[in-house]
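Trainee: Just passing along the structure, written as structure tokens.
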Amino acid sequence: MSETPPDRLSVNPNSPYYDAAVLERGVGIRFKGVEKTNVEEYCISESWVRLAAGNGKDRAGNPLTIKVTGPVEPYFRSDEPDVSQT
């Protein structure tokens, strides 16, 4: 696995940018220098993140999101994937 997070990643399994192996490893996001924990999707090359907007859900049960632009800095929280939860 690469040492750098992918350019674009989503936590929604229905998205083409979903990658379970990367998410298991744990990806943290710094947006405009602040740690964010409510990121649903990000794109480094286009400089945006989609943040969950409160506890609201759409008709399909997915979280309502807002797209915010600015510098995105993803990083891996751990060096190796956590396999102890199997």
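The values are calculated or read from the model by the stated rules, or taken from the named source; none is laboratory data. Bear in mind the structure is a predicted one, so any value in this text is a computation, not a measurement. Counting neighbours? That spans all protein chains shown, and the Cβs are built from the backbone with ideal geometry, glycine included.
Trainee: Glu41 passes all but one of (1) modelled with pLDDT of 95 or more; (2) in a loop (DSSP other than H, G, I, E, B); (3) within 19 Å of Pro13 (Cα to Cα); which number fails?
Mentor: Of everything listed in (1) modelled with pLDDT of 95 or more; (2) in a loop (DSSP other than H, G, I, E, B); (3) within 19 Å of Pro13 (Cα to Cα), Glu41 misses just condition (2).
Trainee: Further question on the same structure: Out of the residues in the stretch 19-31 meeting the condition of being touching an Asp or Glu at 6+ places or on another chain (Cβ under 9 Å) and within 20 Å of Ser47 (Cα to Cα), tell me which one is surrounded by the fewest Cβ atoms within 10 Å (Cβ to Cβ).
Mentor: If we take residues in the stretch 19-31 being touching an Asp or Glu at 6+ places or on another chain (Cβ under 9 Å) and within 20 Å of Ser47 (Cα to Cα), then Arg30 is surrounded by the fewest Cβ atoms within 10 Å (Cβ to Cβ).
Trainee: I'd like to verify a number: residues in the stretch 54-86 that are outside any loop (DSSP other than H, G, I, E, B), surrounded by 13 or more Cβ atoms within 10 Å (Cβ to Cβ) and at pLDDT below 90, how many?
Mentor: Number of matching residues: 1.
Trainee: Still on this structure, I have one more. For residues in the stretch 36-53 being surrounded by 10 or more Cβ atoms within 10 Å (Cβ to Cβ) and either more than 12 Å from the chain's Cα centre (by Cα) or β-branched (Val, Ile, Thr) (or both), which is farthest from Thr69 (Cα to Cα)?
Mentor: So the residue we want is Ala53.
Trainee: Is at least one residue of the stretch 24-32 among the basic types (Lys, Arg), over 23 Å from Ser78 (Cβ atoms), part of a loop (DSSP other than H, G, I, E, B) and modelled with pLDDT of 90 or more?
Mentor: Yes; the residues of the stretch 24-32 include at least one that is among the basic types (Lys, Arg), over 23 Å from Ser78 (Cβ atoms), part of a loop (DSSP other than H, G, I, E, B) and modelled with pLDDT of 90 or more.
Trainee: Can you run down the residue pairs with Cβ atoms below 9 Å, 6 or more apart or on separate chains, where the first is in the stretch 45-60 and over 17 Å from Ser15 (Cβ atoms) and the partner is assigned to a loop (DSSP other than H, G, I, E, B)?
Mentor: From residues that are over 17 Å from Ser15 (Cβ atoms), the pairs are Ser47/Gly70; Ser47/Pro71; Ala53/Asn38.
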